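So the structure is just underneath, and the comments pick up after that.
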Amino acid sequence: MMSARLKQWLKDASAEFASIACPEHSDPASIASHLNIPPSALARVVPLRDNNGRIAAIIPADHMLDFNAIKQHCLRDLDVMSASDADKYFSGCVPSCRPAFAMAYGWPCIADVQLLDNDDIYIEAGNGREILRFSKAEFGRLLGDALQSTISVSPQTLTGVATPSQDNEVISHFLPMRFKNRVQETFDLPPMPEIAQEIMMLRADPNASARDLATVVSKDPSLAAQIMSWANSPYYGYAGRIPSLEMAIMRVLGFEMVLNLSLGIAVGRSLNVPREGPLGLKAFWTQAVLCAVLAERLCQRMPSKIRPQRGMVYLSGLLHNFGHLLLGHVFPPQFYLVNRYVEANPSIAVDVIEKYVLGVSHEEIGAWLMQAWQMPEELVTAVRWHHQEEFTSPFAIYSNIVLIANRLLKRIGVGDEGNGALPAAVLASLKIEAADAEAELQMLQENQHDLTMISQKLVA
């Protein structure tokens with residue numbers, strides 16, 4: 001049964017429509033596939049607000065809301081309303097299931113005219129298991145006096161990486177070369193932390209011991225405390241007492257684990273980035289820890305003859321999204337803008353949004369810094385290519401493991417991957433069966449709470 005409020009509103013409007021069952025709580029792409037319709041025919045709502053109140057933007061499900069266009073047509077600088085706040089205004093609807101006719105719930109609306117390019121338009125009914133179909137004429141009639149304009153960007157435009165109109169001063173002229181020049185201007189960047197440099201020296205020393213590593217890590221009490229906290233986590237299940245950092249290294253975590261974890265934490269916290277937001281520190285470290293653990297487990301599934309270095313795989317998973325931190329540190333206004341777009345367009349891949357808004361992606365930004373800091377080429381490759389099904393690089397095995405890990409994490413709602421499909425060619429190159437990869441994801445889910453608790457300690 002659809003939302004009672006929507007049902008009454010449609011009845012009062014003498015609306016003509018058809019009701020179609022759909023899989024419960026499906027995402028827009030799954031709904032479109034189930035109905036065998038183009039995603040552009042399914043309408044979605046983006047709840048927005050500013051100091052003057054709220055407004056609902058109604059756009060095609062596969063399009064990206066364009067804040068610049070919204071500002072031009074509404075003359076308001078609107079932000080995305082949080083899901084919990086928005087749900088309060090859609091009474092009788094299941095969480096995050098918002099019928100496109102938001103005016104039935106008291107919302108002023110602006111609708112994208114591109115919806116009317118379809119002969120039929122489909123909307124959610126508010127109960128998470130029903131879709132309503134309207135003819136183009138009927139949908140247009142029911143919009144009533146809602147504002148209508150082009151307020152979103154089509155997938156075809158995004159694929160072509162067209163840039164927004166240049167009257168938006170915040171995003172104009174930020175092309176890849178300018179970003180690269182700024183990254184290479186060292187006065188804009190913090191140097192590699194001293195303790196990270198010492199850890200890198202240990203990494204290059206074949207005779208380095210657990211005592212040597214404990215000595216270096218102990219120079220930073222905060223880092224040492226985080227390593228000890230990690231060792232005492234229920235995830236590692238060590239029953240005895242851990243009296244020292246050296247014992248944590250030798251008996252619980254291992255030399256390679258602490259070496260790479262310490263390096264990742266040291267460089268990660270050297271950049272000043274907001275805690276909140278879809279790309280903020282909380283989200284970064286949650287994905288980083290889960291990806292690192294999952295990537296390492298996938299590595300263990302590989303045949304020993306082609307298996308890469310586990311420690312480097314772990315570090316690649318931990319730092320693959322480092323470009324987000326660099327963007328937030330060096331370009332705060334642009335970082336805020338990208339977060340805004342990501343929050344409004346959760347089904348659009350983050351790197352696609354970055355290319356549209358900035359002309360450059362976090363993979364490129366992160367790789368530039370990794371190169372500037374003279375990090376290992378394996379890590380540079382993972383940072384640069386972890387969203388690409390790429391096989392030609394000498395170290396593509398690292399980026400490919402991270403890609404598979406992130407595709408799996410997408411299935412549990414974590415991270416910035418565009419989809420959860422596992423490319424057969426990439427799995428074949430790693431000699432990992434899809435069923436084995438999915439089994440590792442299931443094991444990760446069983447420990448997700450403990451790992452998330454660990455990751456959030458890195459935000460403090």
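The values are calculated or read from the model by the stated rules, or taken from the named source; none is laboratory data. Given the structure is predicted, the values throughout are model-derived calculations rather than measurements. Heads up, the Cβs are rebuilt from the backbone with ideal geometry, glycines too, and the neighbour counts pull from every protein chain shown. All accessible areas refer to the heavy atoms of the entire protein, side chains included, with ligands and DNA or RNA removed. Shrake-Rupley method; radii C 1.70, N 1.55, O 1.52, S 1.80 Å.
Taking K and R as +1 and D and E as -1, what net charge do the other residues with C-beta under 12 Å from the C-beta of GLU246 add up to?
Local net charge: +1.
Relative contact order for the chain: what percent, with Cα pairs under 8 Å and sequence separation of 6 or more?
It comes to 14 percent, rounded to a whole number.
How much of the accessible area of the chain, in percent, comes from carbon and sulfur atoms when a 1.4 Å probe is used?
51 percent
I need the shape label for the chain. Rule: rounded when a/c is under 1.5, else prolate if a/b > b/c, else oblate, with a, b, c from the alpha carbon gyration tensor.
Prolate shape, in that a/c is at least 1.5 and a/b is the bigger ratio.
Considering only the chain, what is the antiparallel percent among its DSSP beta bridges, to the nearest 5?
Here the antiparallel bridges make up roughly 75 percent for the chain.
Rounded, prolate or oblate, given the Cα gyration tensor of region 285-409, with a/c below 1.5 counting as rounded?
prolate
Is the shape of region 205-359 rounded, prolate or oblate, going by the alpha carbon gyration tensor and its root eigenvalues a ≥ b ≥ c, with a/c under 1.5 for rounded and a/b larger than b/c for prolate?
Prolate shape, in that a/c is at least 1.5 and a/b is the bigger ratio.
Counting only helical runs of four or more DSSP H residues, what would the 222 nm mean residue ellipticity of the chain come to if each run contributes -39,500 (n - 2.57) and the total is spread over all its residues?
-14500 deg cm²/dmol
Can you tally the net charge around GLN445? Count Lys and Arg as +1, Asp and Glu as -1, for every other residue whose Cβ sits under 11 Å from the Cβ of GLN445.
-2
Which order, highest average first, do 38-46, 301-309 follow once you tally other Cβ atoms within 10 Å for each residue and take the mean per peptide?
38-46, 301-309
Between region 137-158 and region 359-415, what's the alpha-carbon centroid distance in Å?
37 Å
Just to confirm, what accessible area per residue do you get for the chain at 1.4 Å probe, in whole Å²?
43 Å²
For region 386-460, run through the trypsin sites (Lys or Arg not before Pro) and keep only the ones in DSSP coil with at most 13 other Cβ atoms within 10 Å of their Cβ.
LYS431
Measure nothing fancy, just the Cα-based angle from helix 434-446's long axis to the longest principal axis of the chain, in degrees from 0 to 90, nearest 10.
90 degrees
With Cβ to Cβ distances under 11 Å as the rule, what net charge do the other residues near ILE199 carry (K, R +1; D, E -1)?
Summing Lys/Arg as +1 and Asp/Glu as -1 gives -3.
Within 10 Å of each candidate Cβ there may be at most 16 other Cβ atoms; applying that plus a DSSP loop requirement, which trypsin sites (Lys or Arg not before Pro) in region 199-286 survive?
Of the trypsin sites (Lys or Arg not before Pro), the ones in loops of region 199-286 whose Cβ has at most 16 other Cβ atoms within 10 Å are LYS219, ARG241, ARG275.
From the backbone phi of region 131-141, what are the Karplus-calculated ³J(HN,Hα) couplings (6.51 cos²θ - 1.76 cosθ + 1.60, θ = phi - 60°) in whole Hz, Gly and Pro given as x?
10, 10, 10, 10, 5, 4, 5, 5, 4, x, 5
Does anyone have the angle between helix 281-301 and the longest principal axis of the chain? Alpha-carbon axes, 0 to 90°, nearest 10?
Compared with the principal axis, the helix lies near 60 degrees.
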